[in-house]
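Note sheet for the following structure.
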Amino acid sequence: MHPLLHLKYRLLAPLVLVLGAVIGYPLAFSLWVSLHNYTLTAIGQAKLVGAANYLGLLANPSYWRAIGNTVTFVLVAVGLELILGFGLALLLHHRATPLRHLFRSLLLTPMFITPIAVGLMFRFLLNSQLGIIPQALKALGIHVDWFGSRLALFSLALIDVWQWTPFMLLLLLAGLEALPTEPFEAARVDGASGWNMVRYVTLPLMRPVILAAVVIRMLDAFKVYEYVYAITRGGPGESTETIQYHIYRVGFLYFRMGEAAAMAYTLIIVVLILVIILFYVLRRSAT
Amino acid sequence: MISRRLATQAIILLILCLALAIVIFPYLWTLLASFKTEAALNRPLDWNFTPTLANWQAMLHSEIPRQVLNSIIVGAVTVLLSLLLGAPAAYSFSRFRTGGDGARFAVLLAQMLPPAALIVPLFLLMYTLRLLDTLWAVVASHLTFILPLVTWFLIGFFDDVPPELEEQAMVDGCTQWQAFYRVVLPTIRPGLGAAALFGFVLSWNDLFYALLLTGKHSRTLPVGIAGYWTFRGIEMGQMSAAIILAIGPVIIASFFVQRYLVRGLGGGAVKG
């Protein structure tokens, strides 16, 4: 029998074919588009322009604005998610905590629901006329314009924190539960307790899990789109224009698909680097 | 000593209740809003309102039920295809280490690709194939992330099955293929269920692809919900009802999938 007919390849072939069609071909085509002057309004007249689309990005302030907004968004959101998620995980890991399984199940729910619903719920809650939160704050004499140009990006990051801290909690809690017990007993014998235990025993042991959780969240947060679409559409001005939203806008509202494809490829490079780190971390923590 | 322990417990409980309140409040507020009249919606601090079913009735007589059906069809077809294609491949990756680390890395990378990187060519492809505004276009786009995710999940579950199980089956006269689908596959049923449920939820939740690939005839539920709050106007009550319809079932489903999720996400990298 021909070696390529071995069962292991026959089991794999359908997957390779389908992923080749829905991912491989689009990626290759996208690379081709990114090297052409390709607009949706004149598909037949695409001209080869080489690296011009990529070089154009270097001098494109909107692109850099979108990159900057996205990086700010990712750092604020993922940073807060890590702190809150780790704190909650420690509390829920504590044996003496009452009703911990009930708390866990309910606290995890936001990560499962559709982000567009989350965006619209918060647009409603934070709306300056209709929203309960600004109205309640106003009754206390505090005026906050959540989606004004100063706060909008931060508000979107807070919404991300509401939805995705549960994901951090899920992974970190699983990490805590999988830790060996001996180091903790040894530390207890040496008189460690409370904060010292967390600082010198839990945190070092949890480092691989924390790193993996942070990278997965970063990968996801880089794709932020729904909150922007639901609430600000990139505004006020360009203050909440994120990279995925910007690509959507350039490609599908301005029809400049060559430029959009070039931007998408720069995004793929970031994702590639993060996935390499993630794979390395996951493999190392396994051995 | 005992009073200090009690105090600590009380503080922990207080913090957890606060977190729970923050999580639950948006759900409850949206549920409440779905029973309010437009006048009541304009007075958020006024608790004295007469509940109405008008929003739910209007929502159920709009395009939303059709869009729910579209979402169910897309999710079911995507998940079914993902299991049919993903399970054999995951078994191959796990048992024969086909493709080694490179293959596992590729599966991980595929599920992490940003939708923005694939949407331009997928859109043009569907345009060329005249599949824009059909559910097939959405299924194809959802396969780009759900098929690698399901495969990744199942690699992890297959890794946990001891090889002795199928060796025994083959001693008893099964071929390798029979050992796979009669012996190994049934033992990872919880994994298959969790991967299917999680995959369905991801498909149900997608806005980005569905927004760009669907039209009047094929909109899915997230696209429908997004349409309630536009620059032309807001139908807050109906929107709230539709949101509850979209997130209620998922919240309930999440209780069944949570415990398998960590094993699944660790996937093909955890065992080296």
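Laboratory data are not the source of any read-out in this text; all were calculated from the coordinates shown. Please read these numbers as outputs of a predicted model, since none were measured by experiment. Cβ atoms come from the backbone with ideal geometry, glycine included; neighbour counts cover every protein chain shown.
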So, B:PRO26, is that one without any contact (Cβ under 8 Å) to a residue 40 or more places away in the chain, facing chain A (nearest Cβ under 10 Å), outside any helix (DSSP H, G or I) and within 30 Å of A:ALA139 (Cβ to Cβ) or not? no
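Conditions (1) of a type outside the set (S, T, N, Q); (2) in contact (Cβ under 8 Å) with a residue 60 or more places away in the chain, marked per residue:
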{"site": "A:ALA21", "(1), (2)": "yes, no"}
{"site": "A:PRO26", "(1), (2)": "yes, no"}
{"site": "A:VAL33", "(1), (2)": "yes, yes"}
{"site": "A:HIS36", "(1), (2)": "yes, yes"}
{"site": "A:THR41", "(1), (2)": "no, yes"}
{"site": "A:ASN53", "(1), (2)": "no, yes"}
{"site": "A:LEU57", "(1), (2)": "yes, yes"}
{"site": "A:PHE86", "(1), (2)": "yes, yes"}
Taking region A:269-287 as the search range and keeping residues that are under 29 Å from A:LYS47 (Cα atoms) and in contact (Cβ under 8 Å) with a residue 12 or more places away in the chain, which one is farthest from the chain's Cα centre (by Cα)? A:VAL270
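Conditions (1) more than 9 Å from chain A (Cβ to nearest Cβ); (2) free of Cβ contacts under 8 Å to residues at least 40 places away in the same chain; (3) surrounded by 20 or more Cβ atoms within 10 Å (Cβ to Cβ); (4) under 24 Å from A:SER30 (Cβ atoms), marked per residue:
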position: B:PHE49; (1), (2), (3), (4): yes, yes, no, no
position: B:ILE64; (1), (2), (3), (4): yes, no, yes, no
position: B:ALA90; (1), (2), (3), (4): no, no, yes, no
position: B:THR98; (1), (2), (3), (4): no, yes, no, no
position: B:PRO115; (1), (2), (3), (4): no, no, yes, yes
position: B:PRO121; (1), (2), (3), (4): no, yes, yes, yes
position: B:THR128; (1), (2), (3), (4): yes, yes, no, yes
position: B:SER141; (1), (2), (3), (4): no, no, yes, yes
Looking at (1) at the interface with chain A (Cβ under 10 Å from one of its Cβ atoms); (2) within 23 Å of A:GLY119 (Cβ to Cβ); (3) β-branched (Val, Ile, Thr), find the lone condition where B:THR175 falls short. (2)
I need every pair where a residue in region A:243-257 that is more than 10 Å from every other protein chain (Cβ to nearest Cβ) has its Cβ under 6 Å from the Cβ of a residue that is assigned to a helix (DSSP H, G or I) and polar (S, T, N, Q), sequence separation at least 6 or different chains. A:PHE255/A:THR41
Can you find a residue that is among the hydrophobic types (A, V, I, L, M, F, W, C), without any contact (Cβ under 8 Å) to a residue 12 or more places away in the chain and outside any loop (DSSP other than H, G, I, E, B) anywhere in region B:144-163? no
Which residues, counting only those in region A:43-78, are within 14 Å of chain B (Cβ to nearest Cβ) and more than 24 Å from the chain's Cα centre (by Cα)? A:ILE43, A:GLY44, A:ALA46, A:ASN53
Which residue pairs have Cβ atoms under 6 Å apart, sit 6 or more places apart or on different chains, and have a first residue in region A:187-205 that is surrounded by 10 or more Cβ atoms within 10 Å (Cβ to Cβ) and a second that is not in a helix (DSSP H, G or I)? A:LEU205/A:LEU179
I'd like the full set of residues that are more than 33 Å from the chain's Cα centre (by Cα), facing chain B (nearest Cβ under 9 Å) and assigned to a helix (DSSP H, G or I), limited to region A:1-42. A:LEU7, A:LYS8, A:TYR9, A:ARG10
Tell me, yes or no, whether region B:182-205 has at least one residue that is buried (at least 23 other Cβ atoms within 10 Å of the Cβ), among the hydroxyl-bearing types (Ser, Thr, Tyr) and under 19 Å from B:SER82 (Cα atoms). yes
Quick one: A:TRP164 ticks every box in (1) more than 14 Å from chain B (Cβ to nearest Cβ); (2) under 24 Å from A:GLY87 (Cβ atoms); (3) in contact (Cβ under 8 Å) with a residue 12 or more places away in the chain except a single one, so which number is it? (1)
Could you tell me how many of the residues in region A:33-62 are of a type in the set (Phe, Trp, Tyr) and touching a Leu at 6+ places or on another chain (Cβ under 8 Å)? 0
When only residues in region B:103-113 that are within 7 Å of chain A (Cβ to nearest Cβ) and in a helix (DSSP H, G or I) count, which is nearest to the chain's Cα centre (by Cα)? B:MET112
Qualifying residues in region A:128-145 (those that are of a type outside the set (Gly, Ala, Ser) and touching a Pro at 6+ places or on another chain (Cβ under 7 Å)) - the one farthest from the other protein chains (Cβ to nearest Cβ): A:VAL144
